[in-house]
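One structure is given below, encoded as structure tokens.
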Amino acid sequence: DAGVIQSPRHEVTEMGQEVTLRCKPISGHDYLFWYRQTMMRGLELLIYFNNNVPIDDSGMPEDRFSAKMPNASFSTLKIQPSEPRDSAVYFCASSPGTGGWGNQPQHFGDGTRLSIL
Amino acid sequence: AQTVTQSQPEMSVQEAETVTLSCTYDTSESDYYLFWYKQPPSRQMILVIRQEAYKQQNATENRFSVNFQKAAKSFSLKISDSQLGDAAMYFCAYRGYGGATNKLIFGTGTLLAVQP
């Protein structure tokens, strides 16, 4: 069974450029999460979706960040324009919905290491 | 707001020995879930073990077990017979139950080194 797939694995780009991170959740999972991991702030939830609908985007740092989930098998996190302080590892995770919250764990992708020069 | 605290930034254990990683949390909820995730140098986040707060019995997964003390809001992870492959960053995480609380709240992590 394929896990959560993220691309690219590494991204290096110059300040001011648009960056798009991609995620394919595990098939059948109703929830999708985007996290950012930095040394200073640890793991932070940016946004999560339920059945393709954004539920909580309170963790999105500012308007330069946007996320979409056009269908159940694909999500993007976009940063435009990018800044050096956006450098981090970005994780996507998914979990099933079981008619309640249950104890279903989140399954993480391998992350995208983003470096903004 | 819920918080998760891991007070040990780094720990070290000899191969085949036992180590305990600490985690405390703060919440006003009575039902919730707790998790330990492992992040090796490959940076994958791997679920190690989970605990439902309404269960009194401590969860166990092979060499990994927890000591869940609900009143003390403590959730420590014990690794028995430590192996070199256990070397990783370990994160404790909390998730609320029901409502709009499907978020995982992570601690800052404990870096575990395993000495041969």
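Since every read-out is calculated from the coordinates, none of them should be taken as a lab result. Keep in mind it's a predicted model, so treat the numbers as computed, not measured. Cβ coordinates were reconstructed from backbone atoms using ideal geometry, including for glycine residues, and neighbour counts include every protein chain displayed.
Mean sequence separation of contacting Cα pairs (under 8 Å, at least six apart), scaled by the length of chain A, corresponds to a relative contact order of 36 percent. Rounded to the nearest 20 debye, the dipole magnitude of chain A is 180 debye, with +1 charges on Lys and Arg beta carbons, -1 on Asp and Glu beta carbons, and the Cα centre as origin. Rounded to the nearest 20, the size of the Cβ-charge dipole of chain B about its Cα centre is 280 debye, with Lys and Arg at +1 and Asp and Glu at -1. Of all the stretches in chain B, which is the longest one without any exposed loop site, taking trypsin sites (Lys or Arg not before Pro) in a DSSP loop (any state but H, G, I, E, B) with at most 14 other Cβ atoms within 10 Å? Between exposed loop sites, the widest span is B:1-54.
Measuring against 26 Å, Cα to Cα, the residue pairs B:Lys38/B:Lys73; B:Lys38/B:Lys70; A:Lys68/B:Lys70; A:Lys24/B:Lys73; B:Lys38/B:Lys103 contain A:Lys68/B:Lys70; A:Lys24/B:Lys73 as the ones spanning a longer distance. The residue among B:Tyr54, B:Thr5, B:Thr24 whose Cα reaches farthest toward the positive pole of the charge dipole of the protein assembly as shown, with charges on the beta-carbon of Lys, Arg, Asp and Glu, is B:Tyr54. Relative to the Cα centre, the charge distribution of the protein assembly as shown, modelled as +1 at Lys and Arg Cβ and -1 at Asp and Glu Cβ, gives a dipole magnitude of about 160 debye. For trypsin sites (Lys or Arg not before Pro), the sites in region A:12-49 that DSSP calls loop and that have at most 14 other Cβ atoms within 10 Å are A:Arg41. Applying the criteria of a DSSP loop state and at most 15 other Cβ atoms within 10 Å to the chymotrypsin sites (Phe, Trp or Tyr not before Pro) of region B:26-60 yields B:Tyr54. The GluC sites (Glu not before Pro) of region A:3-87 that meet both conditions, a loop assignment by DSSP and at most 15 other Cβ atoms within 10 Å of the site Cβ, are A:Glu14, A:Glu18, A:Glu62. Compactness of region A:1-107 was expressed as the Cα radius of gyration divided by 2.2 N^0.38 Å, which yields 1.05.
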